[in-house]
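See structure below.
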Amino acid sequence: MLAELEELKTVALTELAAAADLKAVESWRIAYLGSKGRLKGMMPQLKTVSKEDKPAVGKRLNEVKVALEQGFESRKAEVADSGVTGGPQVDVTQPGADLPEGRRHVLSRTIDEIVDIFGRMGFTTAAGPEVEDEWHNFTALNIPAGHPARDPIDNFFMGEQEGSRTLLRTQTSTVQIRTLEKQKPPVRIIACGRVYRPDTHDATHYSMFHQVEGLCVDRGISMVDLKTTLFQFARAYFGPEAEVRMRPSFFPFTEPSAEVDMKMKIKGEWQWIEIGGCGMVDPNVLEAVGVDPEEFTGFAFGLGIERVAMRKYGISDIRWLYENDVRFLNQF
Ligand code: DAH
């Protein structure tokens, strides 16, 4: 057993000298000095040693143990000093790694701002479904059967429900009807949401985009109220020098109707940009929802939210808004 002990010591110390990092030194400790290590593994043999030899062998066993323990401590110190470590070394004083910060999408932020500005003018928000029926998307809005706006080529028809065809709404004007069906005037709402048209995608067209619809119905509402409201919005959103221009136009649900242009600063220059339509609510629309056009009048408008945001932030391609490339989104 003595010979075996000597051999164990030699082999152990040679291996220890070769252990190059803290991890290796620790594995060595476990292999030789651990509770299931080689040295412990020799203990049972002590029983087989004769009575006379026992004290000497026991003493030697202890010496080897001490030698290995000392060897371990000094090798450990050496390796630690050399800076070679097995595991990761943590510098607890180092600042932590930055977590990337998310943000709201530029369109969501634009919608929030729009809701906020109209909210200050007394408009509450309303909403309607994106899958609509023909009554809300066309008929009640004074777009009769056979009107070219109902052409399948310009609409995403979905199917049929209770005898009426369903489609993805092409305009938020549907919410005018949805609101007036359940709320009697005075009504003063805006509705922001998605609309869908089968357009071919390019820099200025997409098959889905957002509109903000406005509706105000009360006694004595006139075109002055309409223009004032749009003007206040333009000033609040584009700045104190912004202006509004209305050009005569036609929409089935308003009479008279106008296109809305806003004058805004783009790359340092003031420019007129068309951003939507507006008008006085057509009496046929009021009648369709049971509001007496002799008693109440109203104005309505519909603006393109992408147009507003793209102009304000100088975004030249609408497709970037939906690609979800963080390199683009992080800029706003
Ligand atoms: N719904 C129209 C469109 O999508 C926009 C519009 C025009 C809305 C005039 C209105 C309005 O409320 O009065 O092109």
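Throughout, read-outs are computed from the coordinates displayed, never taken from laboratory work. Bear in mind the structure is a predicted one, so any value in this text is a computation, not a measurement. Virtual Cβ from ideal backbone geometry, glycine too; neighbours counted across all protein chains shown.
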TODO: Counting helices only, and only those DSSP H runs with n ≥ 4, report the 222 nm mean residue ellipticity of the chain as the sum of -39,500 (n - 2.57) divided by its residues, in deg cm²/dmol to the nearest 500.
DONE: -11500 deg cm²/dmol
Task: Simple spin-label estimate for D292 and H205 in nanometres, 7 Å along Cα-Cβ - done: 4.6 nm
Task: Alpha-carbon gyration tensor eigenvalues x 5, square-rooted, for the range 2-81, Å - done: 26, 11, 9
- [ ] May I ask which residue of L99, Y196, P293 lies farthest towards the positive end of the charge dipole of the chain, with charges of +1 (Lys, Arg) and -1 (Asp, Glu) on Cβ and the Cα centre as origin?
- [x] L99
Task: Distance histogram in 5 Å bins (all Cα pairs of the range 106-329, percent per bin) - done: 1, 7, 14, 19, 20, 17, 12, 7, 3, 1, 0
- [ ] Report the label-to-label distance for A56 and D91 in nanometres (one decimal), using points 7 Å from each Cα along the Cα→Cβ vector.
- [x] 5.8 nm
Open item on the list: Let me check I've understood the local charge: for F250, count other residues with C-beta under 13 angstrom from its C-beta, Lys and Arg +1, Asp and Glu -1. What total comes out?
Closed with: -2
Open item on the list: Would you calculate the convex hull of the Cα atoms in the range 15-157 and tell me its volume per residue in Å³?
Closed with: 355 Å³
Open item on the list: If I require 20 Å or longer along the helix axis, counting alpha carbons, and a Kyte-Doolittle average no lower than -1.0, what helices from the chain are left? Use full DSSP H segments.
Closed with: 2-18, 54-81, 106-120, 223-238
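Per residue and in Å³, how big is the convex hull formed by the alpha-carbon atoms of the range 76-195?
252 Å³
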- [ ] Identify, among A67, T48, L8, the residue whose Cα sits farthest towards the positive end of the charge dipole of the range 2-81, taking +1 on the Cβ of Lys and Arg and -1 on the Cβ of Asp and Glu, with the dipole about the Cα centre.
- [x] T48
